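The values are calculated or read from the model by the stated rules, or taken from the named source; none is laboratory data. Model, not experiment: these values are computed from the prediction. Note that we place each Cβ from the backbone using ideal geometry, even for glycine, and neighbour counts take in every protein chain shown. Calculation scope for accessible area: heavy atoms of the full protein, side chains included, ligands and nucleic acids excluded. Shrake-Rupley method; radii C 1.70, N 1.55, O 1.52, S 1.80 Å.
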Amino acid sequence: MLALRVIRRLLLAAPLFFATLALASPRLEVTPGQVSVHAVSGQQVSATLSLRNTGDSPLDVSLQRGGHRALLLTTRSDLSEILPLLREIPEVGGVDVWDAALRTPDLAALKPYASVMTVFSYTRALDPERLGNVLADYVDQGGGVVLTLPSLLRGAEVRGRFLAE
């Protein structure tokens with residue numbers, strides 16, 4: 001489920017790395033120039049990325065998965081088309097799936113994500129009222145929510161504060 005893309009020019013960008021400033025300068029060498037990894041749910045994969053300081057002073061490096069993480073809230077929907085498309089977006093650093101027909105997430109579960117997308121079938125969420133309240137709280141704290149059409153249809157809609165406000 002983890003998609004990782006490391007591109008050499010991104011590795012040199014300030015948000016990804018913090019270098020110690022000194023009179024001499026560090027120089028980061030990255031091999032290979034790009035690493036791409038994809039893992040399905042429950043699968044573990046690994047890739048080797050070598051970092052070398054070829055400069056004259058120490059270099060402190062901090063790696064973070066690129067892009068924003070997204071959460072798909074689903075109700076037993078077929079995600080075979082949308083998941084690969086989302087994982088191809090360079091700004092999306094990871095996509096996780098939560099079955100809202102089985103369990104309603106709380107605000108703490110949504111906080112790690114930059115955005116949440118509802119991908120409902122015609123099955124309703126376990127607790128549409130509570131889910132709507134949690135999504136409203138998430139938006140109030142700066143999160144982004146995208147509702148797909150089935151999550152707006154009578155009987156399967158997200159309710160609560162999200163719908164009311």
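On a 1.4 Å probe surface of the protein chains, which of Arg103, Arg159, Arg87 comes out largest in accessible area, and what is the full order? Show your work: numbers first, answer last.
On the way: Arg103 140, Arg159 80, Arg87 35 Å².
Solvent-accessible surface, decreasing: Arg103, Arg159, Arg87.
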Open item on the list: Can you give the Rg/Rh ratio of the stretch 42-100, where Rg is from the C-alpha atoms and Rh is the Kirkwood radius?
Closed with: 1.16
Open item on the list: Using amide H atoms built in the peptide plane, which far-off residues or other-chain residues are under 5 Å from Val92 H to H?
Closed with: His68
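Around Tyr138, with a cut-off of 12 angstrom between Cβ atoms, what is the net charge of the other residues, counting Lys and Arg +1 and Asp and Glu -1?
Numbers: positive: Lys111, Arg161; negative: Asp106, Asp137, Asp140.
Counting the neighbours of Tyr138, the net charge comes to -1.
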Task: In Å², nearest 10: area of Asp56 left accessible to a 1.4 Å probe - done: 130 Å²
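Checking the a/c ratio against 1.5 first, then a/b against b/c, what shape does the Cα gyration tensor give for the stretch 93-139?
Values: a/c = 1.90, a/b = 1.24, b/c = 1.53.
It comes out oblate by the Cα gyration axes.
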- [ ] Pop a pseudo-label 7 angstrom from the Cα along the beta-carbon direction at both Glu81 and Ala39 and give the gap in nm to one decimal.
- [x] 2.9 nm
